[in-house]
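One structure is given below, encoded as structure tokens.
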Amino acid sequence: MAGGGIVNTGGGKDYPGKLTLFVLLTCIVAATGGLIFGYDIGISGGVTSMNPFLEKFFPEVYRKKQEAKTNQYCKYDNQLLQTFTSSLYLAALVASFFAATVTRAVGRKWSMLVGGLTFLVGAALNGAAQNIAMLIVGRILLGVGVGFANQSVPVYLSEMAPARLRGMLNIGFQLMITIGILAAELINYGTNKIKAGYGWRVSLALAAVPAAIITLGSLFLPDTPNSLLERGHPEEARRMLRRIRGTDDIGEEYADLVAASEEARQVRHPWRNILRRRYRAQLTMAVAIPFFQQLTGINVIMFYAPVLFDTLGFKNDASLMSSVITGLVNVFATVVSIVTVDRVGRRKLFLQGGAQMIVCQLIVGTLIAAKFGTSGTGDIAKGYAAVVVVFICAYVAGFAWSWGPLGWLVPSEIFPLEIRPAGQSINVSVNMFFTFCIAQAFLTMLCHFKFGLFYFFAGWVVIMTVFIAFFLPETKNVPIEEMVLVWKSHWFWKRFIADEDVHVGIGNNHPAKNGSDTKGADA
């Protein structure tokens, strides 16, 4: 297929340095910011399928669920129930814009601290909720926490990591998201067995644990050299760069960081600057990738996994157990991405994962159609249900080593320093907005689209896979401050970048060195 990316044999300069224990530990601590996001994704779907929770807050849904001949597609269709889940993502959207200012002004670690503290308060409110209002306010505070963490953590990881290992370390964030999801699903499975009926309170309140981890952890994190330079601390930045690279030979990398910092200081209005023609490629990716990520249909599985399996005819315990299985697949498949992303590259994982998801969604949609048709009534045998779970797991695996981690990695590594916080905020806000839309609309869409919902999302995965094939260049192994060279040598995006916009040196092995412009590499 023509039009893919550039031939990249290592990209730009090969800075000296190794993966030090200091960098590994700081990246692990920072990545725990993903736990709060993952825990919430996993916990909300399980709680909304628990009878005591529905009986207390959503009695109409509870009554509909008890009716023997309820249309399987429509029994959870309730706008207020969907608002419980989706309100968090609207709050995260708004918070991400404030987080950009905090991240740029005082550093990445303090933005993580704000996220952890706010999430902690939200968890307490939700666990103690007596009415819908307390539930929603708690969800909004959780959303503020997620907005701050999702804005700062991927940027922090990309800035701390050596270029050749940036993918592996950045995907630690996604791994923590998947661990958070799995932990939440296991907790839901256990709390659902509490006969006194307060299991949902335990599930919601335990969100305080991941919140406490990132809150305390952020206090011990160092600032990145990029952030120190951006805020006018050159000597501290030099010392930190020596420490994280494990060598005194940092002159070339430090010079590139200083050049990027000086350019960043000239930008007084990053939100206005990001609209300039020279950043058209990065801005397009910061909007398109999170938009497409939410239209993979993954939230159909992750938000509402227990609800979905219950809808497929599983009983309560069985539906929660099935969502635990998908959670385990999610974690292990993310590890596959960590191992392969810096070897095979971002594009190949995007394209392979997309193809796998398309096939699985078409099969799952067909299997559900065969059992429930358009009426939504019918029973599902254990063996048949197991086949559905297998293909759902295969779909989750495809997402977990492609669009899941890469949806956070690629936008966090492509922006120059002067607009990086603003760019990451756009990435987070677009992600949260469409997460909100899907969370708010999914149960209604399931009621009206029926099994066709899986075909709907499969169609979107076709579109996004073609988009990646044509418009995303390979970014593996490219130093973060030299990423402009990748866009400058891309067959399509080079038209938006003038020669005077390139302010970094070009390594001998970079295709931009000799003006090569190979289309379709890796495609």
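Quick rundown of the values:
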read-out	value
Search result, residues across the range 254-268 that are touching a residue at least 24 places away in the same chain (Cβ under 8 Å), open to solvent by 20 Å² or more (accessible area, probe 1.4 Å) and either on the phi > 0 side of the Ramachandran plot or of a type in the set (Asp, Glu) (or both)	GLU263
Residue under evaluation ASN188, criteria (1) at pLDDT 90 or above; (2) out of contact with any Cys (no Cβ under 6 Å at 6 or more places or on another chain), criterion not met	(1)
From LEU216, LEU221, LEU157, LEU141, residue being open to solvent by 10 Å² or more (accessible area, probe 1.4 Å) and over 19 Å from THR435 (Cβ atoms)	LEU216
Output for the range 89-117, where each listed residue is open to solvent by less than 30 Å² (accessible area, probe 1.4 Å) and without any contact (Cβ under 8 Å) to a residue 60 or more places away in the chain	ALA91, ALA95, SER111
Members of the range 204-227 that are within 22 Å of the chain's Cα centre (by Cα) and part of a helix (DSSP H, G or I)	LEU204, ALA208, VAL209, PRO210, ALA211, ALA212, ILE213, ILE214, THR215, GLY217, SER218
Hey, ALA30 at pLDDT 70 or above, more than 18 Å from ALA133 (Cα to Cα) and either surrounded by 22 or more Cβ atoms within 10 Å (Cβ to Cβ) or among the hydrophobic types (A, V, I, L, M, F, W, C) (or both) or not	yes
Pairs where the first residue, in the range 186-203, is touching a residue at least 24 places away in the same chain (Cβ under 8 Å) and the second is assigned to a loop (DSSP other than H, G, I, E, B) and not hydrophobic (A, V, I, L, M, F, W, C), C-beta under 8 Å, 6+ apart	GLY199/ASN192; GLY199/LYS193
Pairs where the first residue, in the range 228-240, is within 24 Å of LEU21 (Cβ to Cβ) and the second is of a type in the set (Ser, Thr, Tyr) and open to solvent by 60 Å² or more (accessible area, probe 1.4 Å), C-beta under 6 Å, 6+ apart	none
Qualifying residue in the range 436-449 (condition: at pLDDT 90 or above and either in a helix (DSSP H, G or I) or crowded, with 24+ Cβ neighbours inside 10 Å (or both))	no
Any hit, the range 190-197, residues being closer than 26 Å to LYS56 by Cα and crowded, with 18+ Cβ neighbours inside 10 Å	yes
Any hit, the range 298-320, residues being among the small types (Gly, Ala, Ser), touching a helix residue (DSSP H, G or I) at 6+ places or on another chain (Cβ under 8 Å), surrounded by 24 or more Cβ atoms within 10 Å (Cβ to Cβ) and at pLDDT 70 or above	no
Sole exception among (1) in a helix (DSSP H, G or I); (2) open to solvent by less than 10 Å² (accessible area, probe 1.4 Å) for ALA129, by number	(1)
Selection within the range 118-129 - of a type in the set (Val, Ile, Thr) and touching a residue at least 24 places away in the same chain (Cβ under 8 Å)	THR118
Which numbered condition ASN273 fails, given (1) modelled with pLDDT of 70 or more; (2) surrounded by 22 or more Cβ atoms within 10 Å (Cβ to Cβ)	(2)
Enumeration of residues in the range 464-505 that are open to solvent by 40 Å² or more (accessible area, probe 1.4 Å) and either among the hydroxyl-bearing types (Ser, Thr, Tyr) or more than 26 Å from the chain's Cα centre (by Cα) (or both)	LYS488, TRP491, PHE492, LYS494, ARG495, ASP499, GLU500, HIS503
Looking only at the range 284-297, and only at residues there that are buried (at least 20 other Cβ atoms within 10 Å of the Cβ) and either part of a helix (DSSP H, G or I) or touching a strand residue (DSSP E or B) at 6+ places or on another chain (Cβ under 7 Å) (or both), the one that is modelled with the lowest pLDDT	GLN294
Residue in the range 405-412 that is farther than 29 Å from HIS503 by Cα and crowded, with 24+ Cβ neighbours inside 10 Å present	yes
Residues (at pLDDT below 80 and open to solvent by 10 Å² or more (accessible area, probe 1.4 Å)) located in the range 74-88	CYS74, LYS75, ASP77, ASN78, GLN79, LEU80, THR83
Pick from the range 161-203, criterion among the aliphatic types (A, V, I, L, M) and not in a helix (DSSP H, G or I), ranking: farthest from LEU135 (Cα to Cα)	ALA161
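The values are calculated or read from the model by the stated rules, or taken from the named source; none is laboratory data. None of these values were measured; they are calculated from a predicted model. Reconstructed Cβ throughout: ideal geometry from the backbone, glycine too, with neighbour counts over all protein chains shown. Only protein heavy atoms, including side chains, enter the accessible area calculation; ligands, DNA and RNA are left aside. Shrake-Rupley method; radii C 1.70, N 1.55, O 1.52, S 1.80 Å.
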